[in-house]
Amino acid sequence: MFETVMQALLEGFFQTLHIFILTLLGALPIGLIIAFGSMSKFKPLRYLVRTIVWVVRGTPLMLQLIAIYYGPGLIFDNNFWGQGNEGRFIAVIVAFILNYACYFSEIYRGGIESIPKGQYEAGQVLGMTKPQIFFKIVLMQVVKRIIPPMSNEIITLVKDTSLSRVIAVYEIIWAGQAYIKSDGIIWPLFFTGVFYLVFNGLLTLLFGFIEKKLNYYRG
Amino acid sequence: MSVLKVENISKNFGSSEVLRDISFTLEKGDVLAIIGSSGSGKTTLLRCLNFLETPDTGRIYVNDELLLDCADKTTMRESEIRTKRLHFGLVFQNFNLFPQYNILKNVSLAPSLLKLGTPEEIDTNAKKLIERVGLSDKLDSYPCQLSGGQQQRVAIARALALNPDILCFDEPTSALDPELTGEVLKVIKGLKGSDSTMIVVTHEMEFAKNVADKVIYMADGIIEEMGTPDEIFNNPKSDKTRAFLAKSLENL
């Protein structure tokens, strides 16, 4: 029994991991772009981006998942996500990326705005271009500053993946809960917690390692 | 031919006039000290020269080349300003070194981004400059491991790496403990005579008196008095200058 359960949970966890990684790959860069939008000197763009961030951060992710998956089909009579599991999975990834990119963007913005003006000016008087100043001087200092809030958000993401079941995308909690109905046992559901704990433990170690790596300088 | 000619520079921040009709010239190799109380516009003037602020009126020439004319917007294009400001170097009051890079990289970063030579040439030159400010043993150190005085010396080497025509210092010792100002002033003094033209905004009267070729006393956004150190310190013509010097020197 234990082996069958573990097999099912592992399968579910693999799906969880899949959502987690794809979301990070999309949301980390898109979040930076959103951050630039929310700091833009061009007011209409800035207001538009900040409004989007407000809506996305101000409504539950569960609601967004449902709206993004069912919305196109019900409103435009065109479910462009496609039928079946694949369509649902794509909708989940899009919703997660959008949601997390908005949270990340605020973390980036805080980090970027915390870099002293003198760093930009030093780059300017040394004849550097704006992209050079950002990528060679500012970005690395931003990364160092945002690791603690980022690790918070990323650990939350691991657990939020379980929300994807609301549009019937299979993941580990679903896998565990299935045993209540089929076999009348609850321990597989509880056991899913161990997976989360272990995985988040590993992430915590990883972030600790990165923080330590960047500790060679102050500022 | 003067290396720097500044004509009729004015600058307002909102309704307050920070600079009013500033004009002066500098010859190659000159060391100009700008003194004056806080809020007199010294730092703003330096920032205008380095294009960190845009003056409202006036012109700036370097080697008789018109760099900035406030009446002519075509001289103020972002892309051109980036190359024009390379005529000037700036050493900041609070150093502004790049904390994530070691000393060597702090000095060599800009030259390599601007492709001013092969990586080897840039490295050799950077090491030479770091030696010149006396920090050869700190090449691999990070700014946070250095004292304020050492950091400022690195900042000087970093500015020299681009070989500016005019090197500007914005109160280079104001953020330092008193026992560290000497080493920085000594480095600046050591640059004199090596063709570097320098503008030093400073509160160090002794330094202005002994090192500068020319002294400007600024008050309320105008050049109140300009002359040789001897003229300014020993025979000031303006009452304001006299009052300022009396106050500055009585602290000693």
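So is B:N94 touching a residue at least 24 places away in the same chain (Cβ under 8 Å), open to solvent by 70 Å² or more (accessible area, probe 1.4 Å) and under 21 Å from the mean Cα position of the chain (by Cα) or not? Spell out the reasoning first.
Numbers: touching a residue at least 24 places away in the same chain (Cβ under 8 Å): yes; open to solvent by 70 Å² or more (accessible area, probe 1.4 Å): yes; under 21 Å from the mean Cα position of the chain (by Cα): yes.
Criteria met by B:N94.
Looking at B:V107, is it away from chain A (no Cβ under 14 Å), at pLDDT 90 or above and under 20 Å from B:F169 (Cα atoms)? Quick ask: steps written out before the conclusion?
Numbers: away from chain A (no Cβ under 14 Å): no; at pLDDT 90 or above: yes; under 20 Å from B:F169 (Cα atoms): yes.
Here the answer is no, as B:V107 does not meet what is asked.
Inside the stretch B:109-126, can you point out the residues that are under 24 Å from B:L46 (Cα atoms) and open to solvent by less than 30 Å² (accessible area, probe 1.4 Å)? Don't jump to the end; show me each part of the working.
As a first pass, look at the stretch B:109-126 and keep what is under 24 Å from B:L46 (Cα atoms): B:109-111, B:114.
Residues satisfying the conditions are B:L109, B:A110, B:P111.
Within the stretch A:100-120, take every residue that is assigned to a helix (DSSP H, G or I), open to solvent by less than 20 Å² (accessible area, probe 1.4 Å) and without any contact (Cβ under 8 Å) to a residue 60 or more places away in the chain and give me the one that is farthest from B:L49 (Cα to Cα).
Narrowing the stretch A:100-120 to residues assigned to a helix (DSSP H, G or I): A:100-113, A:117-120.
Subset that is open to solvent by less than 20 Å² (accessible area, probe 1.4 Å): A:100-102, A:104-105, A:111-112, A:118-119.
Next, only the ones that are without any contact (Cβ under 8 Å) to a residue 60 or more places away in the chain stay: A:111, A:118-119.
Numbers: A:G111: 30, A:G118: 16, A:Q119: 18 Å.
Per the stated criteria, the residue is A:G111.
Is it the case that the stretch A:71-79 has a residue that's out of contact with any helix residue (DSSP H, G or I) (no Cβ under 8 Å at 6 or more places or on another chain), part of a helix (DSSP H, G or I) and within 14 Å of chain B (Cβ to nearest Cβ)?
For the stretch A:71-79, residues out of contact with any helix residue (DSSP H, G or I) (no Cβ under 8 Å at 6 or more places or on another chain), part of a helix (DSSP H, G or I) and within 14 Å of chain B (Cβ to nearest Cβ): absent.
Before we move on, is B:D177 in contact (Cβ under 8 Å) with a residue 24 or more places away in the chain and within 11 Å of another protein chain (Cβ to nearest Cβ)?
On the way: in contact (Cβ under 8 Å) with a residue 24 or more places away in the chain: yes; within 11 Å of another protein chain (Cβ to nearest Cβ): no.
When the stated conditions are applied, B:D177 does not pass them.
Only residues that are polar (S, T, N, Q) and surrounded by fewer than 17 Cβ atoms within 10 Å (Cβ to Cβ): list them for the stretch A:1-33, please.
Keep residues of the stretch A:1-33 that are polar (S, T, N, Q), which gives A:4, A:7, A:15-16, A:23.
Once the filter is applied, which keeps residues that are polar (S, T, N, Q) and surrounded by fewer than 17 Cβ atoms within 10 Å (Cβ to Cβ), the stretch A:1-33 yields A:T4, A:Q7.
Which one of these is without any contact (Cβ under 8 Å) to a residue 60 or more places away in the chain and exposed (fewer than 14 other Cβ atoms within 10 Å of the Cβ): A:W54, A:W81? First the steps, then the outcome.
Working: A:W81 fails: exposed (fewer than 14 other Cβ atoms within 10 Å of the Cβ).
Going through A:W54, A:W81 in turn, just one is without any contact (Cβ under 8 Å) to a residue 60 or more places away in the chain and exposed (fewer than 14 other Cβ atoms within 10 Å of the Cβ): A:W54.
Could you go through the stretch B:39-52 and let me know if any residue there is in a strand (DSSP E or B), surrounded by 15 or more Cβ atoms within 10 Å (Cβ to Cβ) and of a type in the set (A, V, I, L, M, F, W, C). Outline the logic, then answer.
Initially, the stretch B:39-52 is screened for residues in a strand (DSSP E or B), giving none.
For the stretch B:39-52, residues in a strand (DSSP E or B), surrounded by 15 or more Cβ atoms within 10 Å (Cβ to Cβ) and of a type in the set (A, V, I, L, M, F, W, C): absent.
Just one of (1) out of contact with any Leu (no Cβ under 7 Å at 6 or more places or on another chain); (2) over 19 Å from A:G219 (Cβ atoms); (3) within 11 Å of chain A (Cβ to nearest Cβ) trips up B:C144, so point out which.
All conditions pass for B:C144, except number (2).
Cβ-Cβ under 7 Å, sequence separation 6+ or interchain: first residue in the stretch B:99-127 and within 14 Å of B:N163 (Cβ to Cβ), partner among the charged types (D, E, K, R). Which pairs?
B:V107/B:R158; B:S108/B:D123
Test A:A91 against the criterion of being surrounded by 19 or more Cβ atoms within 10 Å (Cβ to Cβ), away from chain B (no Cβ under 14 Å), at pLDDT 95 or above and part of a helix (DSSP H, G or I), and give yes or no.
Details: surrounded by 19 or more Cβ atoms within 10 Å (Cβ to Cβ): yes; away from chain B (no Cβ under 14 Å): yes; at pLDDT 95 or above: no; part of a helix (DSSP H, G or I): yes.
Judged against the criteria, A:A91 is not a match.
For a quick check of your reading of the model, give me the residue pairs whose first member lies in the stretch A:58-72 and is touching a residue at least 40 places away in the same chain (Cβ under 8 Å) and over 17 Å from A:S162 (Cα atoms), whose second is open to solvent by less than 60 Å² (accessible area, probe 1.4 Å) and in a helix (DSSP H, G or I), with beta-carbon atoms closer than 9 Å and at least 6 apart or on different chains.
A:Y70/A:A91; A:Y70/A:I167
Identify all residues within the stretch B:239-252 that are under 23 Å from B:I9 (Cβ atoms) and open to solvent by 50 Å² or more (accessible area, probe 1.4 Å); write none if there are none. Spell out the reasoning first.
Restricting attention to the stretch B:239-252, the residues satisfying the condition of being under 23 Å from B:I9 (Cβ atoms) are B:240-241, B:244.
Scanning the stretch B:239-252 gives a single hit, B:K240.
Please go through the stretch A:140-149 and give me each residue that is in contact (Cβ under 8 Å) with a residue 40 or more places away in the chain and in contact with a helix residue (DSSP H, G or I) (Cβ under 6 Å, 6 or more places away or on another chain), ordered by number.
Across the stretch A:140-149, the qualifying residues are A:K144, A:I147, A:P149.
Show me the strands (runs of 3 or more DSSP E) entirely contained within the stretch B:191-238 in which 1 or more residues are in contact (Cβ under 8 Å) with a residue 24 or more places away in the chain and surrounded by fewer than 21 Cβ atoms within 10 Å (Cβ to Cβ). Even if it seems obvious, please write down each step before you answer.
Numbers: elements: B:197-201, B:214-219, B:222-227.
Counting at least 1 such residues, we get B:214-219, B:222-227.
Those residues that are touching a strand residue (DSSP E or B) at 6+ places or on another chain (Cβ under 7 Å) and away from every other protein chain (no Cβ under 14 Å), I need them from the stretch B:42-66; list them, please.
Restricting attention to the stretch B:42-66, the residues satisfying the condition of being touching a strand residue (DSSP E or B) at 6+ places or on another chain (Cβ under 7 Å) are B:42-46, B:48-50, B:53, B:55-62, B:66.
Hits for the stretch B:42-66 are B:K42, B:L45, B:P55, B:D56, B:T57, B:G58, B:R59, B:I60, B:Y61, B:V62, B:L66.
Of the conditions (1) surrounded by fewer than 22 Cβ atoms within 10 Å (Cβ to Cβ); (2) within 14 Å of chain A (Cβ to nearest Cβ), B:R158 clears all except one; give me its number.
Condition not satisfied by B:R158: (1).
Output the residues belonging to the stretch A:125-139 that are in contact with a helix residue (DSSP H, G or I) (Cβ under 8 Å, 6 or more places away or on another chain) and either more than 9 Å from every other protein chain (Cβ to nearest Cβ) or open to solvent by 60 Å² or more (accessible area, probe 1.4 Å) (or both). Can you show your working first?
Our first condition is that a residue be in contact with a helix residue (DSSP H, G or I) (Cβ under 8 Å, 6 or more places away or on another chain); within the stretch A:125-139, this holds for A:125-129, A:132-133, A:136-138.
A:I133, A:K136, A:V138, listed by residue number.
If I filter the stretch A:42-57 for residues that are within 30 Å of B:T83 (Cα to Cα), within 14 Å of chain B (Cβ to nearest Cβ) and in a loop (DSSP other than H, G, I, E, B), do I get at least one hit?
First, the residues of the stretch A:42-57 that are within 30 Å of B:T83 (Cα to Cα): A:42-43.
Those left that are additionally within 14 Å of chain B (Cβ to nearest Cβ): none.
No.
Looking at the stretch B:74-120, which of its residues are at negative phi and among the basic types (K, R)?
Let us first name the residues in the stretch B:74-120 that are at negative phi, namely B:74-94, B:97-114, B:116, B:118-120.
Passing the criteria: B:R77, B:R82, B:K84, B:R85, B:K105.
The values are calculated or read from the model by the stated rules, or taken from the named source; none is laboratory data. Computed from a predicted structure; not experimentally measured. Methodologically, a virtual Cβ is constructed for each residue, glycine included, from the backbone with ideal geometry; neighbour enumeration extends over all protein chains shown. Heavy atoms of the whole protein, side chains included, go into the accessibility calculation; ligands, DNA and RNA do not. Shrake-Rupley method; radii C 1.70, N 1.55, O 1.52, S 1.80 Å.
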